[in-house]
Structures are given as C-alpha cells and as structure tokens.
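Undergrad: Handing you a structure now.
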Amino acid sequence: MKVAITTALVSLLASTNDAFTPTSMTRATSGLSMVATSPSGASTSSSSADWSPDSWKNCHVAQPPNYEDEAELEAAIEKLEGFSPLVFAGEVRSLHEQLARACTGQGFLLMGGDCAEAFNEFNVDHVRDTFRVILQMSLVLTFGSAMPVIKVGRMAGQFAKPRSEPDEVKDGVSLPSYRGDIINREEFTPEARRHNPFNMVEAYHQSAQTLNILRAFSTGGYADISRLHAWNLDFVEQTDEGSRYRKFATKVDESLRFMKAIGVDTGAAAFTKTDFYTAHECLLLPYEQALTREDSTTGRFYDCAAHMLWVGERTRQLDGAHLEFIRGIGNPVGVKISDKCTPEELINIIDTMNPQNIPGRLTIVVRMGAEKLRKNLPGLIRAVQREGKSVLWISDPVHGNTRKTENGYKTRDFDKIRAELRAFFDVHDEMGSHPGGVHLEMTGEDVTECVGGLSDVTEQSLSDRYHTYCDPRLNGAQAMELAFLIAERMRLRTGLPPIE
C-alpha cells in the first residue's frame, strides 16, 4: 500500500516541471513555438478556411459590451495586439497532454479561484493564498486518488462576468449593470458603470503580474511538498480529535516519512516545483481576439490570454459568437452545462468544439444541483458514450446552489455543494465513466460568504467578512474540507481501503 501511495505522491510533482517556463528555454522552436500536433497527433483545433479570429463577428453575440466610442475601442485593441502573449506554447501543450491522460481516467482536474478578479483587490498575498490552498488541495487529492492532479487557477484573466439584466436600478436611477472590472467598475455612478475599453489594457497588465507571481511561487520552492503537508496539518488542527481529517493527514505524513526512509530525496526539484495553469471564461471576445496569435510554423491560432478557456451556460449557443471563436483556437477548452442541456444539444456542442474528437481538447463542466444532476447527467453521459466522444467530465457544484438570504446576501450552502459532488460521483459510478475533476469558486482568504462546513459560517455571520465582488466563494477551510471529502471518495474508486 505504501509503495502505491509513494508512487502517487511522486506523480504529483514529478511530471513536467516547465509549465511556466517559456518554450524557448526548454525546446528549440520558431514563431510562437506552438506545437504542430496534439497528444493524439491530430490538429488541436477546428481551424479551417471558414474560421478566422474575427469570424465570431458574423454571429450573434450574447452578453456583449456596449462600447460607445468606436475609435477608443480600436485604440485599446491596437495596444493589446502589440503586447506579448501572456502564456507560452510549451505550457499549453503540457496542459493538453495532461488533460488527455485525464480523459482516460489517469488524472483529476482541480480548477479554483475567484468568482471575478478585481483591480483594487490585487496584491501578492491574495494570489499567494489562493495558490497555496489549491496546492494543499492537490496534495490531498493525489493521495486519495493515486493519480496526478492537474492544477488550474481561475486567475490572471477571470475579470468579466455575465449578467441576467443589462441594467441595475437603485433609488429610481438606472445604470448599466456591473460586468466585471475588465468592462466597467462596481461603484454606482455613470462614470464607473460606463463600458471602458481601456479596462482591457489594465486587465492585461494585472494578468501579467499575476502570472509572474504564480511562476515564481510554482518554481521557487514555495510548492515544496513538505511545506504543503505542514499547512494541511494546520488545517486538521482545527478539527475534532480523532476526526477523519486527522487520520487522513496522518497517512500522508506516514507516506512522506516512508519515502525519506527509503532514500527518496524529497528536496529534489520534483518535490519542490509544480505545474500550475490558468483559465478564465471566454466572455469578452474583443479581448480574446486581440490576444490571439498565429503560429508562424503551422498557421494555427492560439488564445494567449490563458492556457485554457471555457464558454458559460449563457453564451454556449450553437450559432453564437462564443462557440464560433473558441472552435478555432488550439487551447484546451471547456463548456458549462446545466439541466437545460439535452443529450442532442450536447453532442452538437461537442461536434462543434472538438470535431476531430481529440482527447484533452474538451472539458464538460456540469452545474445542476444534486437532484437535477441525478436526473439529467446519466442521459448526457450515455449519449457521449454511445457516440464515442472523448471528453473530460468535471463538476461545478457551486453555481447551481446559490441563494439569497433574508438579509439580502447571496450565499451557498456547504451541505448542498457536498451533496452535488456526491451525486456527481454516484452517477459516474453507475455509468462506468470517470469523474474527472472539480471546478470551484474559492479563495485562500478567511471570508464568510458560503454557509456551513467546519468553519461554521452562519447566515448571521455572513456580514463579518463578506468581500466578494460577485458571487459567494468558499473560504480556504471550506475548500480544504471538500478536498478531503473528494479524496476519501476517490480512494474507494481506486480500490484503496477507507481510512479508519
């Protein structure tokens, strides 16, 4: 058993260590250094003669910004087009390869980060705290699943948010809704709520700083496996004596001691550095197009604003601009689906986004709520299996569980989030498919935005540290608790005995 655990822990950090190393430093290439083939040897996108980075403009655009000054918009776009890519080819290739393995049941995708990044909330500590919790979660999940965990942050680009209503009314005054800092500002004034194209330029610069911080932390020793375990011990100290969390942490500690005892150098690079990638919702298409670059050697296009992008539930129309844009880029992509998605519609979406059926190209992010998931997900999985489609299924257990309290706070119940995750795993067990990951809105900070869990946040205590600019986030302790719960479930799936 311990040998198996050792192998799993080695896999966490011993895979490619160059996720944030420019390709020019790791392999000799030319142009944008974008690879010519996907993990399966086929083209990574559906680029063809009928697609170009601006062909989305011929389609209906859902959730569009309303820029009043065309000349101002063009000036902002011209600046963005002259900037360097935010991510590098080797990073995108590495992520795609890892996702391809996860599609076959040989990996688990952990995505997490803020609902929406904000300009005035940016600082090194905020980035570090979320990065740290994601790494802590990944260590627990690797131990539980005995497989590599792919770490992706909703960071360095997650600025835009869709809205149900285009306008917001306060005291009889109507102004454009707040759409995220990349479009306008939260303050309820005409000047702040104006859609300003130069916010895209500011978003680019903040994203560049965030990526620099992440690169430093992921390769500079901050990701040391012993440090992560020590942080996890700090978490379990908050739990009751004899709790399953303490027992789980003890097993991890035994494994680390065992590795050292047999001569494994846990101070080597494989245990002190890690791959870490970024993703955001592909919502603001002028920004995404401006940061799309063509590989001079293959002629393929890549959105260099992030390693991975996804299309949301509100913008995934088959004839819409967002699917049109995303179908032609070479990045790994995702699509969020709710109970509104039929099996036939899902197959059409898959055929649009991944017509060559390339493993690792497409991730399906399921957000339904526990009851609706149990009812609707089996039919979706059955359709994918029947058609032989290669996708990675992951759960977003937070978006389908948002409610408003009597005192006006948007919140999410930890118990309902846990119930949806349990339903997700139950359905995949029944269908013989791979529950490939989890997507969470979370932060490393001690906020009080979601109720329940070991942190004991109540509706009455929501106002203590309710800091979100958009939707409520799990705090660090709640996110860690979910990681332990998922890890226990993954142990059962992989045939490892439960921790008694």
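Undergrad: Quick test for you: out of Glu445, Glu387, pick the one residue that is under 19 Å from Cys341 (Cβ atoms) and open to solvent by 20 Å² or more (accessible area, probe 1.4 Å).
TA: From the options Glu445, Glu387, the qualifying one is Glu387.
Undergrad: Looking only at the range 270-309, which residues are open to solvent by 10 Å² or more (accessible area, probe 1.4 Å), of a type in the set (Val, Ile, Thr) and modelled with pLDDT under 95?
TA: Within the range 270-309, Thr272, Thr297, Thr298 meet the criteria.
Undergrad: Select from the range 69-103 the residues that are farther than 23 Å from Gly299 by Cα and at pLDDT below 95 and list them in ascending order.
TA: Once the filter is applied, which keeps residues that are farther than 23 Å from Gly299 by Cα and at pLDDT below 95, the range 69-103 yields nothing.
Undergrad: Can you find even one residue in the range 172-182 that is touching a Phe, Trp or Tyr at 6+ places or on another chain (Cβ under 7 Å), surrounded by fewer than 19 Cβ atoms within 10 Å (Cβ to Cβ), assigned to a strand (DSSP E or B) and modelled with pLDDT of 95 or more?
TA: yes
Undergrad: Among the listed residues Ile364, Ile394, identify the single one that is open to solvent by less than 10 Å² (accessible area, probe 1.4 Å) and without any contact (Cβ under 8 Å) to a residue 60 or more places away in the chain.
TA: Of Ile364, Ile394, the one residue that is open to solvent by less than 10 Å² (accessible area, probe 1.4 Å) and without any contact (Cβ under 8 Å) to a residue 60 or more places away in the chain is Ile364.
Undergrad: Is it true that some residue in the range 446-464 is among the hydrophobic types (A, V, I, L, M, F, W, C) and touching a Pro at 6+ places or on another chain (Cβ under 6 Å)?
TA: Yes: the range 446-464 contains one or more residues that are among the hydrophobic types (A, V, I, L, M, F, W, C) and touching a Pro at 6+ places or on another chain (Cβ under 6 Å).
Undergrad: Please identify the pairs in which a residue from the range 411-436 that is farther than 12 Å from Gln478 by Cβ has its Cβ atom under 8 Å from the Cβ atom of a residue that is of a type in the set (Phe, Trp, Tyr), counting only partners at least 6 apart or on another chain.
TA: Matching pairs, first to second residue: His428/Trp393; Ser433/Trp393; His434/Trp393; Pro435/Trp393; Pro435/Phe424; Pro435/Phe425; Gly436/Phe108; Gly436/Trp393.
Undergrad: Please enumerate the residues belonging to the range 200-215 that are free of Cβ contacts under 8 Å to residues at least 24 places away in the same chain and over 17 Å from Gly153 (Cβ atoms).
TA: Passing the criteria: only His205.
Undergrad: Moving on. State which residue is farthest from Met353 (Cα to Cα) when the search covers only the range 48-90 and only residues that are outside any loop (DSSP other than H, G, I, E, B) and of a type in the set (A, V, I, L, M, F, W, C). Break it down into steps so the answer makes sense when it comes.
TA: Initially, the range 48-90 is screened for residues outside any loop (DSSP other than H, G, I, E, B), giving 55-58, 60, 70-82, 89-90.
Of the ones still in play, those that are also of a type in the set (A, V, I, L, M, F, W, C) are 56, 71, 73, 75-77, 80, 89.
Working: Trp56: 14, Ala71: 33, Leu73: 29, Ala75: 31, Ala76: 29, Ile77: 26, Leu80: 26, Ala89: 20 Å.
In this case the residue turns out to be Ala71.
Residues are listed down the side, and each one gets a yes or a no for (1) of a type in the set (Val, Ile, Thr); (2) open to solvent by less than 10 Å² (accessible area, probe 1.4 Å); (3) at positive phi; (4) not in a loop (DSSP other than H, G, I, E, B):
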| site | (1), (2), (3), (4) |
| --- | --- |
| Asn407 | no, no, no, no |
| Phe424 | no, yes, no, yes |
| Glu441 | no, yes, no, yes |
| Ser455 | no, no, no, no |
| Ser463 | no, no, no, yes |
| Asp471 | no, no, no, no |
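Undergrad: Could you grab the pairs with beta carbons closer than 6 Å, sequence gap of 6+ or different chains, first residue in the range 228-254 and surrounded by 13 or more Cβ atoms within 10 Å (Cβ to Cβ), second one modelled with pLDDT under 75 and of a type in the set (Lys, Arg)?
TA: Partner pairs satisfying both residue conditions: none exist.
Undergrad: Report yes if some residue within the range 144-151 is within 28 Å of Val391 (Cβ to Cβ) and among the polar types (S, T, N, Q); otherwise report no.
TA: So far as the range 144-151 goes, yes, one or more of its residues are within 28 Å of Val391 (Cβ to Cβ) and among the polar types (S, T, N, Q).
The values are calculated or read from the model by the stated rules, or taken from the named source; none is laboratory data. Note that the structure is predicted; figures quoted are calculated from it, not measured. As a convention, Cβ positions derive from the backbone with ideal geometry for all residues, glycine included, and neighbour counts pool all protein chains shown. Ligands, DNA and RNA are excluded from the accessible area calculation, which covers all protein heavy atoms including side chains. Shrake-Rupley method; radii C 1.70, N 1.55, O 1.52, S 1.80 Å.
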